[in-house]
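Remarks on the structure that follows.
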Amino acid sequence: MDYTDGIRTFVAVVETGSFTAAGERLGISNKLVSKYVAALEERLGRALLYRTTRSVSLTEDGERWLPYARKVLDSLEAADVALNRAENGLAGRLRITSGTTFGELCLADAAQTFIDTYPGMRVDLVLSDEMTDLVAGGFDLAVRISVPRDSSYKMLRIGAITSQIAASPAYLEAHGTPRRPEDLADHQAILDLNDDPPRRWRFRDGKKEKVVEVAGRLAVNSASATIRQAIAGHGLVRAPDIFLSPHLARGDLVTVLDAFSADEMAGGTGGGTGGARAIHLLTVPSAFRSDKVAAFAAVLRQHLARLRGRA
């Protein structure tokens, strides 16, 4: 077994969570994955992985060795890139993590634009609502709406989101269009449990803030699910403008109560009907010097600007 093959296989097992998935990523059989990892452990004289019939996890030695294994692969990739990089292009892998809904509704399209722009690049996009350790996860960057508690990360503000209220034309035709926040008492809301609190929507009436309790029989902890239900005509939805943007452009949804947006009063803290919230790109302090990270930041910034402009 080539030592590098063993390292690459070990890292693939850790990142995918199974020998089968690692084999699919590397294009080799499950049996060969197991053989490579076993040979690597024999060479090191250490067990790197715990194996059960249902899961694979790192041993204490595996946890210590994993960052060094990733550095070896990164160095090899950097060497290949240095030889094969186009004169004005980028090449290599960019590994990104993001929240699930934001990743599905926005970031995946930006990643596709990035690899279309830089054909030598490939992107691994891992979606999770947990705050992932960038170093342990081998990530080049994370994209988050909330501000992380770990101040050791470098943060770059890449854009912002605000919330809008929308409904399908069919729903508004059947139930009427609310003209003032008080009119929501006569309507059904589709609630997003990620909002805090989900049933209290905040508005601005002149210079005053107004909070309205809304009624809703369906509450889901997914913005994409609430939007789908609104498109189906089941009620009003409050969601980020960049998530609503394509549906507004197609006419599946229309916004209401725009004159009462609470953005100016929210102070960027989130919650409420509006509340501009910053979208941050996070990475370890030295990573912003990376050409590929800077290039992706530019693509994502443009993508967000297009979505907000269309919204």
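The values are calculated or read from the model by the stated rules, or taken from the named source; none is laboratory data. It should be emphasised that the depicted structure is a prediction, and the values quoted were computed from it without experimental measurement. Because the Cβ atoms are built from the backbone with ideal geometry, glycine has one as well, and the counts that use them run over all protein chains shown.
Quick notes on this one:
- Looking only at segment 89-114, and only at residues there that are at pLDDT 90 or above and surrounded by fewer than 17 Cβ atoms within 10 Å (Cβ to Cβ), the one that is farthest from the chain's Cα centre (by Cα): THR113
- One residue alone among LEU172, LEU191, LEU156 is of a type in the set (A, V, I, L, M), surrounded by 13 or more Cβ atoms within 10 Å (Cβ to Cβ), at pLDDT 80 or above and not in a strand (DSSP E or B), and that residue is LEU172.
- Checking segment 25-33 against the condition returns a match, with at least one residue being exposed (fewer than 14 other Cβ atoms within 10 Å of the Cβ), modelled with pLDDT of 85 or more and more than 24 Å from ASP291 (Cβ to Cβ).
- Sub-9 Å Cβ pairs linking a first residue in segment 8-20 that is under 16 Å from LYS35 (Cβ atoms) to a second residue that is of a type in the set (Asp, Glu) and at pLDDT 90 or above, at least 6 apart or interchain, are PHE10/GLU41, ordered by first then second residue.
- The single condition from (1) assigned by TED's automatic domain parsing to the domain that holds PRO198; (2) modelled with pLDDT under 90; (3) small (Gly, Ala, Ser) that ALA232 fails is (2).
- The set of residues from segment 119-140 being at pLDDT 90 or above and crowded, with 17+ Cβ neighbours inside 10 Å comprises VAL123, LEU125.
- Odd one out for GLY23 among (1) without any contact (Cβ under 8 Å) to a residue 40 or more places away in the chain; (2) within 23 Å of ASP133 (Cβ to Cβ): (2)
- Test: residue in segment 130-137 that is among the small types (Gly, Ala, Ser) and farther than 28 Å from ILE231 by Cβ: yes
- Test result for ASP241, modelled with pLDDT under 90, over 16 Å from LEU105 (Cα atoms), surrounded by 15 or more Cβ atoms within 10 Å (Cβ to Cβ) and within 21 Å of the chain's Cα centre (by Cα): no
- Under the condition of being in contact with a Ser or Thr (Cβ under 9 Å, 6 or more places away or on another chain), of a type in the set (Val, Ile, Thr) and modelled with pLDDT under 70, the residues counted in segment 258-310 number 1.
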